[in-house]
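A short worksheet on the structure shown next.
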Amino acid sequence: MNNLQAIILGIVEGITEFLPISSTGHMIIASTLMGINDNDFVKMFEVVIQFGAILSIVVLYWRKFLPGSRPFKELLNFYLTLIVAFLPAAVFGFLFHDLVKQMLGSVTVVAVSMLAGGIVLIFIDKIFTEKGDVPEEPVSFFMALKIGLFQVISMIPGVSRSAATIVGGMTQRLSRKQAAEFSFFLAVPTMAAASALDLLDHYKSITSDTLIPLAIGFIVAFIVAMIAVKAFVGYLTKHGFKAFGYYRIIVGTILLILIALKVNLHML
């Protein structure tokens, strides 16, 4: 991987991490187009730079995460809620780690997931209609656990962790904005754990030559995600999911057609 490829993947990650269109799926597509998807370092790189994007949430919502910004009891409850929501993914990730890693290189899995997820998003706004200016209720432990179960679905490349957890939040009667923000918060422990595991598995692939692209991708993903998050929350609150659903269907359909025609996707 060269520095330009690292920048491209960092931009893709930063833009797509918090949109319900699957950052993992888009990075698999991008790395395939660049002909670097069959590389163990690249697979580790894609997970680690996701954590770079996630750190933007800690910066943007620092009052939620840092001691002293609110009462200790409230802060403790916030972290306990995230832990409860994180547990299902931790358990399933541990049990099916190898299977998930195998799927990460499959463009076909991404294409099918993009298409199926797009169909769901087109109709999701009609299923869960906004109730106007209703006061937000805190996320309970039981609600968090059920949202966490939705996050498990996103282990399939192309499903989108953001989409799965936001929809999970809406099933618990959260507003689109509150569901999106809880999805952001939940991403912090989830991607921290995923990044740590990948670093432990592939730390030997980090050399003086690979460290620079990894750092570049991490920083680019962080900066781009900072810009993308606020725009996404505003758009989602006003317009909902339909545009993202159509986008997913278009991308998924194009990929399936190219796969069926046996087009070589290693174009760049």
Let me spell it out: the conditions are (1) under 17 Å from the mean Cα position of the chain (by Cα); (2) free of Cβ contacts under 8 Å to residues at least 12 places away in the same chain, and Y203 meets all of them except one. Which number is the exception? (1)
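Restricting attention to region 230-245, and to residues there that are out of contact with any helix residue (DSSP H, G or I) (no Cβ under 6 Å at 6 or more places or on another chain) and touching a residue at least 40 places away in the same chain (Cβ under 8 Å), which single residue is surrounded by the fewest Cβ atoms within 10 Å (Cβ to Cβ)? I'd like the intermediate steps shown before the answer.
Pass one, region 230-245, residues out of contact with any helix residue (DSSP H, G or I) (no Cβ under 6 Å at 6 or more places or on another chain): 230-232, 234-235, 238-239, 243.
Next, only the ones that are touching a residue at least 40 places away in the same chain (Cβ under 8 Å) stay: 230, 232.
Details: K230: 11, F232: 20.
So, considering only residues that are out of contact with any helix residue (DSSP H, G or I) (no Cβ under 6 Å at 6 or more places or on another chain) and touching a residue at least 40 places away in the same chain (Cβ under 8 Å), the one surrounded by the fewest Cβ atoms within 10 Å (Cβ to Cβ) is K230.
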Which condition from (1) touching a Leu at 6+ places or on another chain (Cβ under 7 Å); (2) surrounded by fewer than 23 Cβ atoms within 10 Å (Cβ to Cβ); (3) closer than 21 Å to V100 by Cα; (4) not charged (D, E, K, R) is the one that M27 breaks? (2)
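With respect to L60, is the statement that it is surrounded by fewer than 24 Cβ atoms within 10 Å (Cβ to Cβ), farther than 19 Å from Y247 by Cβ and modelled with pLDDT of 90 or more true?
Values: surrounded by fewer than 24 Cβ atoms within 10 Å (Cβ to Cβ): yes; farther than 19 Å from Y247 by Cβ: yes; modelled with pLDDT of 90 or more: yes.
For L60, the condition - surrounded by fewer than 24 Cβ atoms within 10 Å (Cβ to Cβ), farther than 19 Å from Y247 by Cβ and modelled with pLDDT of 90 or more - is met.
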Please work out which residue is modelled with the lowest pLDDT, limiting yourself to region 7-29 and to residues that are under 13 Å from V220 (Cβ atoms) and among the hydrophobic types (A, V, I, L, M, F, W, C). M27
Among the residues of region 206-223, what is the count of those that are without any contact (Cβ under 8 Å) to a residue 60 or more places away in the chain, among the hydroxyl-bearing types (S, T, Y) and either crowded, with 17+ Cβ neighbours inside 10 Å or part of a helix (DSSP H, G or I) (or both)? 1
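Out of V233, V159, V167, which single residue is β-branched (V, I, T), farther than 30 Å from N39 by Cα and within 14 Å of the chain's Cα centre (by Cα)?
Values: V233 fails: within 14 Å of the chain's Cα centre (by Cα); V159 fails: farther than 30 Å from N39 by Cα.
Just one listed residue meets the conditions, V167.
Determine, yes or no, whether F18 is surrounded by 24 or more Cβ atoms within 10 Å (Cβ to Cβ) and among the aromatic types (F, W, Y). Reasoning before the result, please.
Values: surrounded by 24 or more Cβ atoms within 10 Å (Cβ to Cβ): yes; among the aromatic types (F, W, Y): yes.
Criteria met by F18.
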What number goes with the only condition from (1) among the basic types (K, R); (2) modelled with pLDDT under 85; (3) within 20 Å of G158 (Cα to Cα) that K204 does not pass? (3)
Considering every residue within region 65-76, establish whether at least one is under 24 Å from V107 (Cβ atoms) and not small (G, A, S). no
Which residues, taken from region 25-80, are under 24 Å from L197 (Cβ atoms) and in contact with a Pro (Cβ under 8 Å, 6 or more places away or on another chain)? G25, I28, F45
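The values are calculated or read from the model by the stated rules, or taken from the named source; none is laboratory data. Just so we're clear, the structure is a prediction, and the values are computed from it rather than from any experiment. Note that each Cβ is placed from the backbone with ideal geometry, even for glycine, and that neighbours are counted across all protein chains shown.
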